Amino acid sequence: MPLASPPPVPARLDADLLHQLRPSRIVVPALIGLSVVAFLFWRSYKPGDLAPLLHAKWQWLFITLLVLWARDLGYIYRIRSISEKALSWRQSFGVIVVWEFASCVLPSAAGGTAAAPVILTKEGIPLGKAIAYTIVTAFLDNLYYVLMVPLVVWLASDGLYPHGLQSAFVQSLRILFIFSYLAVSAYAGLLIYALFVNPRSVRRLLVRLASVRVLRRFRRLAYRQGQEMVLASAQLRGAGAAYWWRASLSTVFVWTARYAVIGCLIGAFSPMTTNTFLFIFARNITYKVILLLAITPGGAGIAEGAFPTFFGRFMGTAAMTSFLVLLYRIVTYYFYLALGVAYLPRWLASPTRSRVPKRE
């Protein structure tokens, strides 16, 4: 890959990100999420409803921890591999911790990906390469979704959407799911063309689309995104098959583990078969569509409120479902909030590193 790189990330962008990631920002999402869980318990709890906790299958809880541990190791391996080992294992760990924390405190639609270039430049990755590596992760994440949806639709069929709801809501959810799939597919296709075929034509297309009167205010943003694709294509030119093979396999691994967590937690308190586990895995895809539209940091409140609709039928009682909501958010959200708050001050205090990425 070419060694030439653009100038360092502007100090203003760095300062803006650090302001958005300040630890005090955890208060609002934490209060929102916990308030929704408390309301669910208040509305549903009856004495004896939590009796299944006494008979929890600890092997499933242990498997859940293994899946979470493997997922995080997979993320660390992926970013180190995508960065061509420019990041040490310790740096890769730090990047993932801050990345996950950013996903928790920024709106779900933006997520940690919006902060990734600045996080990577803080670890000494030049801006051009940081943008390229961020686009690679976004491209592979979207491609996983595009390829997985047909499989889960086949696995779950009509059961992909919750039953027992108003038909108008289910129909709206189905339309939303189809629209999101088409949008992600189009975006993945655009990234493929931009990265591997003709990035400059994509930049021109984005600018022309943003020249329409109603979109004119987005013209500068369109040009910047198009320019980022041009930079990414230049940085990634020459990456061998081994590079993409490792990046792709690690992406499949981490997202499969991510979607498997809910099934593992449900298995600890309810009977679990292979078919049921696969069904829960498939329904998780539609659940995540709701979270993508959440405007709250990390989907706080939305994730907790929507959870019973999608997975309540597997838990028996509403109180057990409320408990599972809390447990799920502890291991996938609040843990990373706490870890980020503990790690972020040390990460911010460390000097910005300057390293030249290794060539494969």
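The values are calculated or read from the model by the stated rules, or taken from the named source; none is laboratory data. Note that the coordinates shown come from a computational prediction; the quantities given were computed from them, not determined experimentally. Ideal geometry is used to build each Cβ from the backbone, glycine not excepted, and the neighbour counts take in all protein chains shown. For accessibility, only protein heavy atoms count, side chains too; no ligands or nucleic acids. Shrake-Rupley method; radii C 1.70, N 1.55, O 1.52, S 1.80 Å.
Each residue, residue 38 and residue 192, gets one label point 7 Å from its Cα in the Cβ direction; the gap between the two is 4.9 nm.
Across the range 116-125, coupling constants 3J(HN,Hα) worked out from phi with the 6.51/-1.76/1.60 Karplus curve, θ = phi - 60°, read 4, x, 5, 4, 5, 5, 4, 8, x, 7 Hz, and Gly and Pro carry x. Applying the Karplus relation 6.51 cos²θ - 1.76 cosθ + 1.60 with θ = phi - 60° to the range 181-191 yields 3J(HN,Hα) values of 5, 5, 5, 5, 4, 5, 5, 4, x, 5, 5 Hz, where x marks Gly and Pro. Only lysines eight or more places from residue 85 in sequence, or on another chain, were considered; those with a Cα closer than 29 Å are 122, 129, 358. Accessible surface for the range 230-360, divided over its residues, is 41 Å² per residue with a 1.4 Å probe. Dividing the Cα radius of gyration of the range 227-336 by its Kirkwood radius returns 1.10 for Rg/Rh. Each label point was placed 7 Å from the Cα along the Cα-to-Cβ direction; for residue 45 and residue 201 their separation is 6.2 nm.
Multiplying the residue separation of residue 327 and residue 242 by 0.36 nm and subtracting their alpha-carbon distance yields 26.8 nm. For the range 233-273 versus the range 50-85, the spacing of their alpha-carbon centroids is 12 Å.
Just to verify a number: FRET efficiency for residue 275 and residue 349, C-beta to C-beta distance, R0 = 45 Å, to 0.05? Efficiency at R0 = 45 Å is approximately 0.35. For the range 106-156, with all protein chains in place and a probe radius of 1.4 Å, 76% of the accessible heavy-atom surface sits on carbon or sulfur.
Remark: spin-label model distance residue 153-residue 249 equals 3.0 nm, labels positioned 7 Å along the Cα→Cβ axis.
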